[in-house]
Amino acid sequence: MKRLFLVNSSAVSRLYGIGSYVSIIFQLFKKDKIFKLIFVDFIRSEKEEYIEVSQISGAEVFCCHFNNRNLYNLPHHDLYNSLNEEYHITKNDVFHFNTPNHYHLADIIKTKHNVHLVYTMHFDSFQLGEEQELTVQRETLLLKICNRIICLSEPILQRCSDHFKLETCNLSLLKTGVFLKRRYSSDKKNGIRSSFNILEGDFVILFNSRIHVQKGIYELLKVLPMLLTEFPNLKLIVVGDGELSSALQLSLKCLGSIIFTGYIPRENKIIIDKLYQIADLFVLPSNNEQLSISFLEAASYALPILVADIPSFASFPENSVFKVPLDTHGKVKIETLKKRLTEIIKDKPTRDIYSHNILHFIKKRYSAKKFHKELLNIYVK
């Protein structure tokens, strides 16, 4: 049996986008017995080692321990030696990397064993700015040694083709697959709402992502007090952790209308499921996404969705996703977001049309079955 080494970015990333992506791949491949699955993680401390291990049940876990705090300066030769001593890497193995920070490790493995190397571009490194120049350099080198490169969006695919001059045969635009969900009955939803102290007539907005300036959460929190003057029954549920103190500072005027859940581990996915079920609208005004897993999850529940108008969402059909434009600085304006949310909250018929259309599109283009088939072709060729 071939072995698939799925290399995580870091213990922290296991909690969010890359971790969700990795988790979906494991769910798809752990049952069909095509590969022996090996999850490679990077651990700074014993505390990190036990975060979210349950999401990778059915796979072996190999933890690469290191002492320094900087992911840019990992002891790659030592990590390689530990990995090879444990598994005796061969050319028949498949390694799937998910961050340019692991370029040196990938290069050692490729040079010594000529493995099949796959890399997923989770973001456009050129949008990170000059302070991340080292990341751009490493990604450039990593792209050159990979057998196959997975692009999560059309803009990234275009970047690889135009800037990096990569062969088209090595590039794949791969739409991350999601598992479709069955909607609860109204009675069951109202029962769940009661458990969160949310009334039957309340309008619930759900935000599920890191609390970070890039994600647009601060703009959403600034808009909420303005919306509450017109919609006093509005509730905002914020799922995720990060810069929580800054978020709380912005929420002091309307704490009774906001629920901060913190990060919810995937082992408690039943809680996430309930929150998607009771939400009336999913909002993610992020200014830099390739394709958010939480966006796809919301779509799989047939939720109407509001996102920032960025290239990654350009391929979705008209009347399937609500969008709010960015200003010249690449951010969502408070007044523009308030106006858009007001329109959406007032217009239930249009919300129903959009939720129907996005679910239909997700079924057609983003099914887990389709993702599994396309990913398998990348791994075996």
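The values are calculated or read from the model by the stated rules, or taken from the named source; none is laboratory data. The structure presented is a predicted model; accordingly, all values stated were derived computationally and were not measured. Because the Cβ atoms are built from the backbone with ideal geometry, glycine has one as well, and the counts that use them run over all protein chains shown. SASA here: full protein model, heavy atoms, side chains in, ligands and nucleic acids out. Shrake-Rupley method; radii C 1.70, N 1.55, O 1.52, S 1.80 Å.
Structure notes:
- Hydrodynamic analysis of region 142-188 uses the Kirkwood radius over alpha carbon pairs. Inserted into Stokes-Einstein at 25 °C and 0.890 mPa s, it gives a translational diffusion coefficient of 190 µm²/s.
- Relative contact order for the chain, counting Cα pairs under 8 Å that sit 6 or more residues apart, in percent: 14
- When you filter the GluC sites (Glu not before Pro) in region 280-351 for DSSP loop state and at most 13 other Cβ atoms inside 10 Å of their Cβ, you are left with Glu318.
- For Val332, the amide hydrogen comes within under 5 Å of the amide hydrogens of Asp327, counting only partners 5 or more places away or on other chains and with H modelled in the peptide plane.
- The calculated FRET efficiency for Asp352 paired with Leu173, based on their beta-carbon distance and R0 = 22 Å, is about 0.10.
- Computed label-point distance, nm, for sites Thr90 and Lys370 using a 7 Å Cα→Cβ extension: 3.6
- The residues of the chain have, on average, 46 Å² of accessible surface per residue, using a 1.4 Å probe with all protein chains present.
- Taking label points 7 Å from Cα along the Cα-to-Cβ direction, Phe196 and Phe361 give a separation of 2.4 nm.
- Among Val178, Val115, Val321, the residue with the largest mean-square fluctuation in a Gaussian network model of the chain, with springs joining Cα atoms closer than 10 Å, is Val115.
- Shape class for region 273-381: oblate, because the ratio a/c of the largest to smallest gyration tensor axis (alpha-carbon atoms, square roots of eigenvalues) is 1.5 or more and b/c is at least a/b.
- Mean shadow area of region 125-205 over all directions, Cα convex hull, nm²: 9.4
- The chain: C-alpha gyration tensor shape, a/c 1.5 cut-off, then a/b vs b/c: prolate
- Cα gyration tensor shape for region 199-287, rounded if a/c is under 1.5, else prolate or oblate: oblate
- Label separation (Glu230 vs Lys31): 4.6 nm, computed from points 7 Å beyond Cα along the C-beta direction.
- Each of the peptides 224-232, 200-208 was scored by the mean count of other Cβ atoms within 10 Å over its residues; in descending order, highest first, they stand as 200-208, 224-232.
- Share of carbon and sulfur in the accessible heavy-atom surface of the chain [1.4 Å probe, %]: 51
- Region 22-43 and region 235-304: distance between their alpha carbon centers, rounded to Å: 26
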